[in-house]
Structures are given as structure tokens and as C-alpha cells.
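I have placed the structure first, in the form of C-alpha cells, so that the comments after it can refer back to it.
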Amino acid sequence: MPLRGKKGSLFDGGIRGAAFVWGAMIPAARRGTEYDGLIHVTDWLPSLLTLAAGVQWTPTDGRTIDGIDVLSSVFTGSDSPRRDVVHQYCSANNCAGAIRI
């Protein structure tokens, strides 16, 4: 079933995106499956750094980043550690916002 809305709208059809992760590091039990947990584009950085480091990555200089490491959730299929995402869409004539929880 198609998602409601279209590009530029705040419905799922306008804000959800498809992605895939491929490689030998994916557990065999998770290959070919879907993950429906909440992930934001900023979550890719800490997740990929954890994958590269082989351990939970954290900034060493005390800074914080916007993303959340979701690697273990994607690999195990468990709930996402992310609880909300704020969306804002502005066109030439209007702006709209939404919070997804």
C-alpha cells in the first residue's frame, strides 16, 4: 500500500525514505529483512563510526553530536533508541512542521 502524501508533505509519503545496508557484517538472521525503527539521517554518522571502530563510538573531546548510534538496533531488530524526530518543511509560500514520536 502506498504511503499517504507526497514529496514535500509532512505525511509519511513525504518524509519516509528507503535505505539499505549491505555487507558481510550484517548478521545472517537479519539479511533480507526490514527495519521499521525510527532513524534520522544524523544517526548514520555515529552508527558508521561504531561499525568502523568495532566498539561503541563516542567523541573523545567531550563534544556531543546530534545523531544516535542505532547500529545494534538495526543488527538485532530491536527498538530504536531514537524516540522522536522534528520535521520542518518550507516552500516559497509557507512553512509546516511536525514532531514524529
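Values in this text are rule-based calculations from the coordinates and carry no lab data. Remember, it's a predicted structure, so these values are computed and weren't measured experimentally. For neighbour counting, all protein chains shown are included, and Cβ atoms are generated from backbone atoms with ideal geometry for every residue, glycine included.
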For this session: Name every residue in segment 67-99 that is within 29 Å of Ala24 (Cβ to Cβ) and charged (D, E, K, R), in order of residue number.
Result: Asp69, Asp79, Arg82
Exercise. Which ranges mark the helices (runs of 4 or more DSSP H) fully within segment 10-101 that have 2 or more residues being more than 11 Å from the chain's Cα centre (by Cα) and loosely packed, with under 14 Cβ neighbours inside 10 Å?
Worked result: 44-53, 71-76
